[in-house]
1. Which one is farthest from SER460 (Cα to Cα), of the residues in segment 387-401 that are open to solvent by 20 Å² or more (accessible area, probe 1.4 Å) and touching a residue at least 40 places away in the same chain (Cβ under 8 Å)?
2. Taking ASP33 as meeting all but one of (1) in contact with a Lys or Arg (Cβ under 8 Å, 6 or more places away or on another chain); (2) under 18 Å from PRO179 (Cα atoms), write down the number of the exception.
3. Considering segment 179-217 alone, what residues qualify as being open to solvent by less than 30 Å² (accessible area, probe 1.4 Å) and of a type in the set (S, T, N, Q)?
4. Considering segment 156-173 alone, what residues qualify as being open to solvent by less than 10 Å² (accessible area, probe 1.4 Å) and more than 19 Å from GLU469 (Cα to Cα)?
5. Among the strands (runs of 3 or more DSSP E) lying completely within segment 110-229, list those that include at least 3 residues that are away from the ligand (no atom under 13 Å from the Cβ) and over 22 Å from LEU255 (Cβ atoms).
6. When segment 239-288 is examined, which residues are found to be acidic (Asp, Glu), within 14 Å of the ligand (Cβ to nearest atom) and either part of a loop (DSSP other than H, G, I, E, B) or surrounded by 21 or more Cβ atoms within 10 Å (Cβ to Cβ) (or both)?
7. Filter segment 7-51 for residues that are part of a loop (DSSP other than H, G, I, E, B) and touching a His at 6+ places or on another chain (Cβ under 6 Å) and give the result.
8. Which of the following residues is under 30 Å from LYS99 (Cβ atoms) and open to solvent by 70 Å² or more (accessible area, probe 1.4 Å): PRO41, PRO31, PRO19, PRO36?
Amino acid sequence: MRNHLIRTYQNYINGEWRPSASGARLTVTCPGDGQPVADVPKSVPEDMDRAVAAARHAFETADWAFNPRLRSKAMLVWAAKLRDNLEDLATVLCLETGKPMGEARFEVNGAINQLEYYAAAARTLYGAANAVDKNTLSVLAREPVGVVGGIIPWNYPVTLFMRDMAPALAAGNSIVVKPAAITSASALALLQEAEKTNLFPAGILNCVTGSGSVVGETLIAHPDVDMISFTGSTGVGRHIMEVAAATMKKLSLELGGKSPNVIFADADLDKALPYALKAIFTNAGQLCTVGSRLVVEESVAEEMVARLKAGAEALRVGHGLDPETTMGPVSSEGQLRDVMGYIEEGKAHATLVTGGYRITEGELAQGCFIAPTIFLNPPADSRIVQEEIFGPVLVVQTFRTEEEAIAIANNTKYGLASAVWTRNIDRAMRVARRIRAGSCWINCYNRLLPECETGGYKQSGIDRAGGIEGIMKYTEVKHILVDFA
Ligand code: TAP
């Protein structure tokens, strides 16, 4: 049995570390072995009210909203502190999510990259001007929205914190973050590094841990919060829209996906294969943009499925701290139950190519491990084809014509990401333009870069994260008209 150092954290409110007003605590456990790894406040609405009041006060009074140079500098110094402490942050992340250390390091590096990208963007938020006539100048300026509430999921608690909150800060907002209850430690560890910069005015950064149904609800309904940025399930996203309507908050929602990875027979299959495996088994399939549907041309399907099976079976499933591990557990017993429910249903309808079981051998019996699983040609209307499983489960669908490939790709309620593999550039562009999804990668998959936008069509969400679109949404457009007649 592994014993981990149990790290103790408090909420971060108005530049201070504070326990919950209730005094209650939550234990964060490692899904790789079920052992406790951190202890955080189990907050109550009063804590969230305090955080929102601090964020509102700081937004109105601190030297921040109109000081892009300070914002840029604070963010750059924060990025440097994170880099100095990368190994420790990756360990916190690895333990609370179960992901392998290599993936945890990659995630922390990705977050630093986002912070640096938006630190630069803070100083380049151009507006526009229009000389309406001889004596009239119309100016459009970008101003921050105000207090932004960030609700972060558990699958990428560090990258998604930064992808959503770095641009909010760069644009001049103050933030109140509610991390997922089961992965709260890494959010607070990020803020410990921010505090060391001594550059963020008190109240600009706030974080309150606890349950979504308690403090999350307080945040989304709060009249002093101007905008909610949420990444998570479509169900909770819909609920946030309903609650936020009462106070007309701005919303940015990044929700689920069931993304098609479309492979034509003329593609470079040697390149496509490792990408296809990574597209689904990275983070044990718990990524909103996973390529969970492999849509492959029938003439190469047999070869591809055989190679995918071999690749899936070669993955080393294990504890995140084990250097040999290439795939970790799913995030919790609840997630494991949900994923196994889909797998059992899949077995009734489709050919199981590999996997399909919980791993219960040796030490892994204590964790939430599922064997990498592949199903071939399930019915198009089955739940394993239509719903986001958020686990290491790939469905393979085959097609004969380009039209059929596009129809299969578009046949779910989601539209988050996609990819097309072919050596024919005309076909690549034709298919990319017709897939109804926020991203289409050509001859690659999941190139999620700070410079590039992601986000959903259909029920995958509202608005974009990343790139320049990812900061514009955190601004209001101020029109100023000068009459110098
Ligand atoms: P959600 O319930 O959507 O959790 C995401 C975040 O929302 C967490 O911080 C959660 O807090 C918070 N939350 C939950 N209910 C809330 C409420 N009423 N008001 C405000 N905030 C609330 O996701 P889940 O149940 O953990 O996962 C379920 C499924 O969602 C997964 O299987 C997967 O399909 C999908 N999911 C998608 C993504 C992405 S990146 N698109 C990420 C995670 C999950 P608590 O943790 O305290 O509940």
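The values are calculated or read from the model by the stated rules, or taken from the named source; none is laboratory data. Values in this document were obtained by computation on a predicted structure and should not be read as measured data. Cβ sites come from the backbone with ideal geometry, for glycine too, and all protein chains shown count toward neighbours. To get the accessible areas, we keep the full protein, side chains included, count just its heavy atoms, and leave off ligands, DNA and RNA. Shrake-Rupley method; radii C 1.70, N 1.55, O 1.52, S 1.80 Å.
1. So in segment 387-401, the residues open to solvent by 20 Å² or more (accessible area, probe 1.4 Å) come out as 387-388, 390, 398, 400-401.
Keeping just the survivors that are touching a residue at least 40 places away in the same chain (Cβ under 8 Å) gives 387-388, 390, 398, 400.
Details: GLU387: 12, GLU388: 11, PHE390: 14, THR398: 24, ARG400: 27 Å.
Across segment 387-401, the extreme among qualifying residues is ARG400.
2. (2)
3. Those that are open to solvent by less than 30 Å² (accessible area, probe 1.4 Å) and of a type in the set (S, T, N, Q): THR183, SER184, SER186, THR197, ASN206, THR209.
4. Residues satisfying the conditions are PRO157, VAL158.
5. Details: elements: 128-133, 136-144, 147-151, 174-178, 205-207.
In segment 110-229, 128-133, 136-144 are the strands (runs of 3 or more DSSP E) which contain 3 or more residues that are away from the ligand (no atom under 13 Å from the Cβ) and over 22 Å from LEU255 (Cβ atoms).
6. Within segment 239-288, the first condition is being acidic (Asp, Glu), and the residues that meet it are 242, 254, 266, 268, 270.
If we keep only those that are within 14 Å of the ligand (Cβ to nearest atom) too, we end up with 242, 254.
Result: GLU254, single match.
7. Of the residues in segment 7-51, the ones part of a loop (DSSP other than H, G, I, E, B) are 9-10, 14-15, 19-24, 30-35, 42-44.
Scanning segment 7-51 gives GLY32, GLN35.
8. Details: PRO41 fails: open to solvent by 70 Å² or more (accessible area, probe 1.4 Å); PRO31 fails: open to solvent by 70 Å² or more (accessible area, probe 1.4 Å); PRO36 fails: open to solvent by 70 Å² or more (accessible area, probe 1.4 Å).
None of the other options fit; the residue is PRO19.
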